[in-house]
Amino acid sequence: MLTVDIQIHQPYAVTSPLDLHARFELPAGRCLGIMGASGSGKTTLLHSIAGLLSPASGVIRSHADVWFDAKQHIQLPPWQRPVGLVFQDGRLFPHMTVEQNLRYGMPVSEGQISLQDVVRVLEIGALLKRKPGQLSGGEKQRVAIGRALLRQPAVLMMDEPLSGLDDHLKQQVLPYIKQVIASFALPTLYVSHVREEVAEIANEVWVLAQGQLRQPV
Amino acid sequence: MWTLSPAELAIVLLSLKVAACCVLVLLLPAIGMAWLLARKQFWGHALVDALVHLPMVLPPVVLGYMLLVLLGRRGWIGSWLYEQFHIQLTFHWWGAVIASAVMAFPLMVRAIRQALMQVNPLLEQAAQTLGASPAKTFFTITLPLAYHGVLTGGILAFSRSLGEFGATITFAGNLEGETRTLPLAIYSLTQSPEGDAAALRLVILSVLVSVAALLVSQWLERRLLRSQR
């Protein structure tokens, strides 16, 4: 269960000053889709949960683990938060093979999610020895999703993972994302600006607009 | 005619030893300074940047003299080194290493800094979300992606050291077998009336060593590129 109740204040955001309030609870196995126009703060929200940005106030908890609590001055750095964040542009490490990329975030102790499972579900077994430069856009995103999963995250967050792909590749990768959500039953946040895409993947879709994350009525 | 005399071989080996040690000595400080200048904003950034570049604009003899004042046997630090540990850097090949290291430092810092600035910070961000501390991120992502800069910096420092003259002769002296590297040996020979032929041999040798160093560096660079592809 991921509990988020935060205010974000970014006076120097790229497009315009950003004030954002987000409050939700996300149980395991649920996928919450977040829709919003560009500049509405979707990425900012995910980065705040991951610890890459600092909210102005509020609380972020995973079960009983407090990741952020403004009142108690608790703020775990990103590397201490078990999040699986899939970036829009994949961000695979170009000097490592696919397998090294996948293993990069694996904790030393054996986790719930194994390399074999991830390789099987995402069908990336044939790619393990390749470098990211030798992969297609769709393959890159599948590896990026696998890498995030092997971090053994308490929450999986995908930030427009399909937006860099053409329609044909999107249709190829989409089933894998659904399969990942069904197979690993993690609390999942799926962010996109395309309504059909979010609707197809998420259990419910909330909208981020005018600084508020809301369930549409 | 084209076999090396033992004296010539000793000069070449000394030059290579000094240049190799110069690169090794500089590696960590140059990476640290390059990272500081490329990635950190702090008060006095411009001043540190200027100080690092100083050896590029100062006459080498001036730097050699400054080293003498600092590290010479009666220098501020040098006298303490001698009293405490009996370490004397002047007239010792380590003195030649230090003189060329000071001259090569800005070259190495510049090359590594350029490479560090080209590393995509978003990849470092991704590493942190994958549980990597800043130190792990630096050693597994940033530095490997900036390897070509470290290599280029190393080659520049090596070449600079091979050619170093002014700071070395001022600080370390021109002592045969100890601090008389190729340029110093050539200079010494040109000072004696019968030295022209021997000087010419060393000049040719010097060119050969430099060309060999360049070829090795190109080979290293190609290997590195292949491994990163």
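List of remarks:
- Antiparallel DSSP beta bridges within chain A, percent to nearest 5: 55 percent
- Over the residues of the protein assembly as shown, the helix contribution to mean residue ellipticity at 222 nm works out to -17000 deg cm²/dmol, using -39500 (n - 2.57) for each DSSP H run of at least 4.
- If you run the Gaussian network model on chain B, springs between alpha carbon atoms under 10 Å, then out of B:63, B:189, B:71 the most flexible one is B:189.
- Annotated for chain A: lysine pairs at least 8 residues apart or interchain, Cα distance under 28 Å, count 13.
- Segment B:53-132 versus segment A:154-217: alpha-carbon centroid distance in Å: 52 Å
- Mean Kyte hydropathy of -0.5 or more with a Cα span along the axis of at least 30 Å, helices from DSSP in chain B: B:6-39, B:93-118, B:196-228
- Global form of chain B, assessed from the alpha-carbon gyration tensor, a/c cut-off 1.5: oblate
- Diffusion coefficient of the protein assembly as shown by Stokes-Einstein, Kirkwood radius over Cα pairs, 37 °C, 0.692 mPa s: 127 µm²/s.
- Cβ-based net charge around residue A:206, under 13 Å, with every Lys or Arg adding one and every Asp or Glu removing one: +3
- Nearest 10 degrees, 0 to 90: helix A:137-150 Cα axis against chain A principal axis: 70 degrees
- Highest-fluctuation residue, B:23, B:69, B:52 considered, GNM on chain B with Cα pairs under 10 Å: B:69
Readers should treat all values here as calculations from the given coordinates under stated rules, not as data from a laboratory. Remember, predicted model here, so these are calculated numbers, not experimental data. With ideal geometry, Cβ positions are generated from the backbone for all residues, glycine too; neighbour counts draw on all protein chains shown.
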